[in-house]
Amino acid sequence: MKKSRTGRSLLLMAPLLLFLVGFFVWPLSTMMSESVSDTAVLRLLPRSSEVLRDWDRKSGPTMAMQTALMEDLKAVNDDQALGDMVRRLNSARSGFRTLMSKTTTALADTANPPADLVSIDKRWEKPDFWLAIADALSPLTDRNLLAAVDLGRNADGAIQALPADQSVNRVILVRTFWIAALVTFACACIGFPYAMIAASLTGWKRDLMLAAVLLPLWTSLLVRTAAWFILLQEKGLINDFLQWLRLIDGPLPLIFNRTGVIIAMTHVLLPFMVLPIYSVLITIPKNLMPAAASLGAHPLRAFLRVLLPLSLRGVASGGLLVFISAIGYYITPALIGGPGDQMISSIIAFYATGSANWGMAGALGVVLLAATLVLYSVYARLSAEEPGRR
Amino acid sequence: MPMKLTKLTFASLTILFLVAPLIAILPLAFTSSVILTYPIPSYSLRWFEELFTADAWRRAIINSLIIGTGTTLLATVLGTAASLGLRNRLVFFRGSIRTLFLLPMVVPAVVLGVGLQVLLARFGLINSYAGVIIAHTVVAVPFVVVSVTGALAGIDERVELAAQSLGASPTTVFRRVTLPLAMPGVLSGAVLAFATSLDEVVLTLFVAGPNQRTLARQMFSSIRENISPAIAAAAFLFIAATILVGLAVVVSRSMLAKRR
Amino acid sequence: MADFIRFDSITKFYGQLCVVENLDLSIGKGEFVSLLGPSGSGKTTLLMMLAGFEQATSGSIVLDGTAINDVPTHKRDMGVVFQSYALFPHMSVGENIAFPLQMRGIGKAEIAKRVARALDMVQLSALSDRRPSQLSGGQQQRVALARALVFEPRVVLMDEPLGALDKQLREQMQLDIRDLHRRLGLTIVFVTHDQSEALTMSDRVAVFNKGKIEQIGTPRQVYDEPSTRFVAEFIGETNLVEGVVEAVQGQEATVRLPSGAHIVSALSGTVASGQSVYLSIRPERVDLTETRGEARNCLETEVTDSVYQGDHLRVQLQNATHPLIAKLGRRSREFPPGTKVYAAFSASDCRVIAP
């Protein structure tokens, strides 16, 4: 009887389990494998792959190597795959783009077949072009993951920092965490006192304060972003108001910059800070502060020694919730921010949809996913410890 | 009482910060101008008309309704069944399974979007309604699970035992006792699933083609490319719907409370 | 009385933990049996097995001559009343009571008639359309009772049904349930940890301890003739005094206390001379006298404390080797601490218990 009950439970969960494995776990692992897979070259050059295995990586190309590559290139009939391979090779060794187009054109000329590659272009004599091909033939690579944190391998294969002109990702990672930290800080500064005031009130006043938090929470994210777009623009209400007050002469730049992003994200994420703190605060008995006062504690001291430690758990979970949400934000920076305010999600989206560079999109995705999951596990532990919660 | 005044000022300013943007956008829905700024020259309904007649907006609204309905059905069925399964404490890895069910809520949408785009393309589901509904269901299902497991946890198991002892077979217990008691949770899960689908942009960007442009997606590109008061009109509809749903929830709750 | 319900060597394990151990129990038709014991003694588990909510690890349960181990709960035809009442919150009082009748496919008109009768029985006719949450605890309890009785089950099971009520209401309900039992000739199995409740209501009381029945008998038997130390201590208050059996004469034994005094006591089991035993003496059976009187048992003691408790005077005494408690009627005179008195009791008010 117990067994059949367990069986029924599993049967009930199976559809969602399968659905999530198929459309949640699998996509994520696909993304991860994209970040380490590197078959753009191997796919098209099977013969060269065989021959290059015996190459000493120093001397010039042997005839066998040239023939194999020519065979491989002649066999390619998929222009997109060829483009992918050329892009991959060009990123390892610049000059490949022109070299390849010249080579494929020559190979296509069936009336006048070239004897070897060197006769098409002298550059094929240089071992470093062959080295780039040889390195690109391995099906697995860590270059995307390394590149995601601005690292790369030098000619010897040792890991080193990329030159400054290629170090874009670390800047964006730092920026992402910095913006998320600022937003979390702003939310805590507003959210903690707000939750405390709400918890100290009763009746309609408390309801009003909670409704003011819940209404934006329930409202579409796009509507809220659009609203801030309207408020913050050059001729928006905020600038109008400040000018009417004669506090400023010309309009302040509030949109398409960091200020706008922080303001809008704080507005969007503030409820996630207020609600956990509020839910902790209302469980704290109301007579603790009077009790501390009766024991001789000054109100400020009583707050620091009694209320603050007890509500810290709420602040911590609220802060984590805000921070986790903030580091993955895409829409608000995309619409309110300028080019200098784009966060890691925007870069991932750019690699994925803009340049179809799945490897880099995947690698940055792995970094963001790892950061999110680590923080979430801390959050889950915090809320699991919460007393009196199922 | 300077302390009290400080508190009052702080609370009022924060409420203003939270609510004012939502209120400020509303009148602009009725502007006759083509730009989204105050002061409003004169009032008209032209942007609502635009919303319902312009091809892009009309299609977007219809798409949102189709995809939202599909997502709601799929997420509610999957989520409710799974929540019922999760009730059984004897199931191995119950905690891990539950975490898996809730994780889509946490994973950044862009990361999931990249993965789904690659995977759905392999299945030929990219740029299809089915693909978008699947993507939306992944992120909507945690809301259903949270809501339904909450409702189920509120059911006293002894009530179900009592029904058995009074002669109800397991299916009858489910039909007459468990399901009616879990219904509020199922319904609010469904509403949340619909709302999630309606508001979802990022996954839609990755998996939807031009034919599956949803209202949220249309608003996104409209803000980005050519912002017009149609945005305000759409926002007006969103906010009005939010308040209506909120009121409906409050009223039905108080009616339920009275009935009980 | 023919066995209507019979538990045959029932054992129940939760994982490694044995909660009911090789237990036998027979209950007659129309009998009111209480399962009394501390929490964790296995009494509720036994009830849950009878209701079909739990499966016995081994052994069989027989109802009216048929083994019911494999009969699912909904076909057992037993009315269960829970401590938490377990009313359906989404149904009205009337719908709650109609539920078991609907499950049995009874016609609408008949259901209406029987629901009305059941409501009348528990005096709730006016509240038929209310929701359970709109009722007081006592009213909810009566709805649960009506729901469990309306389909005329073969057995009624009650799991601490009065535990959540306040004292006054609880005592009223005890009498009401006892009255229903007599009027309707119900077979009732009643689980409780409250010994006075068990004594008040039952035909027989089964005292549970650590998954076993320590003693089963009428309220008078388990109170006056406890057969084990656990029963003596769990039911009511008692003085337990260690001693050694000197002689056994028929239904009486002479026991020598460490102080050297001799006590003649009634005997329920069998003991041998020279055996170490306990004597159980109920405090309200102890008389205090200033001179050594006629009583067969008389101990020299000194009052250490006395407390007036309204309906009785509670006197703490110290014998040469043992403390002793006496409960005296309210007409008794005061005994200030330090007073030398004799504690006297008859042989029949004293029991020898083998340890």
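The values are calculated or read from the model by the stated rules, or taken from the named source; none is laboratory data. This one's a predicted model, so the numbers in the text were calculated from it and none came from an experiment. Every residue, glycine as well, gets a Cβ built from its backbone with ideal geometry; the counts of neighbours run over all protein chains shown.
Numerical summary
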read-out	value
Wholly within segment B:120-234, helices (runs of 4 or more DSSP H) carrying at least 1 residues that are within 14 Å of chain C (Cβ to nearest Cβ)	B:129-153, B:157-165, B:170-173, B:179-199
Any hit, segment C:35-47, residues being within 14 Å of chain B (Cβ to nearest Cβ), more than 30 Å from C:Leu135 (Cα to Cα) and either outside any strand (DSSP E or B) or out of contact with any strand residue (DSSP E or B) (no Cβ under 7 Å at 6 or more places or on another chain) (or both)	no
Number of positions in segment B:75-120 that are aromatic (Phe, Trp, Tyr) and farther than 23 Å from B:Leu192 by Cβ	2
Those residues of segment B:14-27 which are within 7 Å of chain A (Cβ to nearest Cβ) and within 25 Å of the chain's Cα centre (by Cα), in sequence order	B:Ile15, B:Phe17, B:Leu18, B:Val19, B:Pro21, B:Leu22, B:Ala24, B:Ile25
Residue within segment C:176-192 that is part of a strand (DSSP E or B), among the hydroxyl-bearing types (Ser, Thr, Tyr), in contact (Cβ under 8 Å) with a residue 24 or more places away in the chain and buried (at least 22 other Cβ atoms within 10 Å of the Cβ) present	yes
Condition check for C:Ser92: over 24 Å from the mean Cα position of the chain (by Cα), among the small types (Gly, Ala, Ser) and either closer than 30 Å to C:Leu165 by Cβ or buried (at least 22 other Cβ atoms within 10 Å of the Cβ) (or both)	yes
Residues of segment A:59-81 classified as of a type in the set (D, E, K, R), touching a residue at least 24 places away in the same chain (Cβ under 8 Å) and over 24 Å from A:Leu140 (Cβ atoms), total	2
Breaking point among (1) within 11 Å of chain A (Cβ to nearest Cβ); (2) in a helix (DSSP H, G or I); (3) touching an Asp or Glu at 6+ places or on another chain (Cβ under 7 Å), for B:Trp57	(1)
Answer residue from segment C:70-85, given it is more than 8 Å from chain B (Cβ to nearest Cβ) and surrounded by 14 or more Cβ atoms within 10 Å (Cβ to Cβ) and is nearest to C:Leu25 (Cα to Cα) among those	C:Val71
Meets criteria (part of a helix (DSSP H, G or I), more than 24 Å from B:Leu119 (Cβ to Cβ) and of a type in the set (Gly, Ala, Ser)) for A:Ser346	no
Residue ID - modelled with the highest pLDDT, chosen from residues in segment B:68-93 that are more than 9 Å from chain A (Cβ to nearest Cβ) and over 25 Å from the mean Cα position of the chain (by Cα)	B:Phe93
Residue in segment C:40-60 that is more than 23 Å from B:Arg158 (Cβ to Cβ) and among the polar types (S, T, N, Q) present	yes
Selected residue [without any contact (Cβ under 8 Å) to a residue 12 or more places away in the chain, out of contact with any Cys (no Cβ under 7 Å at 6 or more places or on another chain) and either of a type in the set (Asp, Glu) or under 30 Å from B:Leu18 (Cα atoms) (or both)] from A:Asp165, A:Asp128, A:Asp142, A:Asp84	A:Asp165
Any chance C:Ala320 is surrounded by fewer than 20 Cβ atoms within 10 Å (Cβ to Cβ) and at pLDDT below 85	yes
Residue in segment C:218-237 that is of a type outside the set (Asp, Glu) and part of a strand (DSSP E or B) present	no
Helices (runs of 4 or more DSSP H) lying entirely in segment A:130-220 (those with 1 or more residues that are among the aromatic types (Phe, Trp, Tyr))	A:169-200, A:203-218
Selection from segment C:137-146 of residues that are more than 20 Å from B:Glu160 (Cα to Cα) and at pLDDT 90 or above	C:Gln139
Hits in segment B:160-207 - residues which are buried (at least 22 other Cβ atoms within 10 Å of the Cβ), of a type in the set (A, V, I, L, M) and farther than 24 Å from B:Ile134 by Cα	B:Ala162, B:Ala163, B:Leu166, B:Ala168, B:Val177, B:Ala182
